[in-house]
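The values are calculated or read from the model by the stated rules, or taken from the named source; none is laboratory data. What you see is a predicted model; the values in this text were computed from it and never measured. Here the Cβ positions follow ideal geometry from the backbone for every residue, glycine too, while neighbour counts run over all protein chains shown. Ligands, DNA and RNA are stripped out before the accessible areas are found, and what is left, the full protein with its side chains, is counted by its heavy atoms. Shrake-Rupley method; radii C 1.70, N 1.55, O 1.52, S 1.80 Å.
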Amino acid sequence: MNTPKKLFSVRVLVEFSAAHHIRGYDGECARPHGHNWKIEVEASTAQLNQIGIAVDFKVLKAMVKKLVDRYDHQDLNTIEPFNDLNPTAETMAQVFFSELESGIQKSKPMDSLELRRVTVWENDRCCASFGLV
């Protein structure tokens, strides 16, 4: 029997506003419309630093903010990779996960820090996540 690994987990939430439309969708979402998006990012580690921090919230939040700044107040359908890929909450979560995971590996805010999940909220009731199981 495998014993579950015990981890510290931290989450940050960053918001931005942007428009999009879903190509091929049969309904209202096929028309251009906007959202006040929320991007929730969770990272984990098995160890804390010398002062008891998993990762500084400021550091993680700055990484997420840098990522979403290029999408803020834009039409997502006109920006790579969403000019070819439908900008759904699901695909946004997957793209953001990939980009943040690469950034975490390059900057190494902590050696054992691992990106767990990215959740994209279209509103307070609807979200999609991509990450590790």
Residues to consider are Phe8, Phe57; find the one that is under 18 Å from the mean Cα position of the chain (by Cα) and within 24 Å of Glu114 (Cβ to Cβ). Phe57
Could you count how many residues in the stretch 87-101 are polar (S, T, N, Q) and open to solvent by 40 Å² or more (accessible area, probe 1.4 Å)? 2
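Table: residues versus (1) of a type in the set (A, V, I, L, M, F, W, C); (2) modelled with pLDDT of 95 or more; (3) within 18 Å of Cys127 (Cβ to Cβ).
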| position | (1), (2), (3) |
| --- | --- |
| Pro4 | no, no, no |
| Ser9 | no, yes, yes |
| Ala19 | yes, yes, no |
| Gly27 | no, yes, no |
| Ala30 | yes, yes, no |
| His33 | no, yes, yes |
| Glu42 | no, yes, yes |
Given the structure, is Asn77 over 15 Å from the mean Cα position of the chain (by Cα) and touching a residue at least 40 places away in the same chain (Cβ under 8 Å)? yes
Suppose we keep only residues that are open to solvent by less than 50 Å² (accessible area, probe 1.4 Å) and not hydrophobic (A, V, I, L, M, F, W, C) within the stretch 50-74. Which one would you say is nearest to Val95 (Cα to Cα)? Tyr71
Looking only at residues in the stretch 11-54 that are of a type in the set (Lys, Arg) and over 15 Å from the mean Cα position of the chain (by Cα), which one is farthest from Phe96 (Cα to Cα)? Arg31
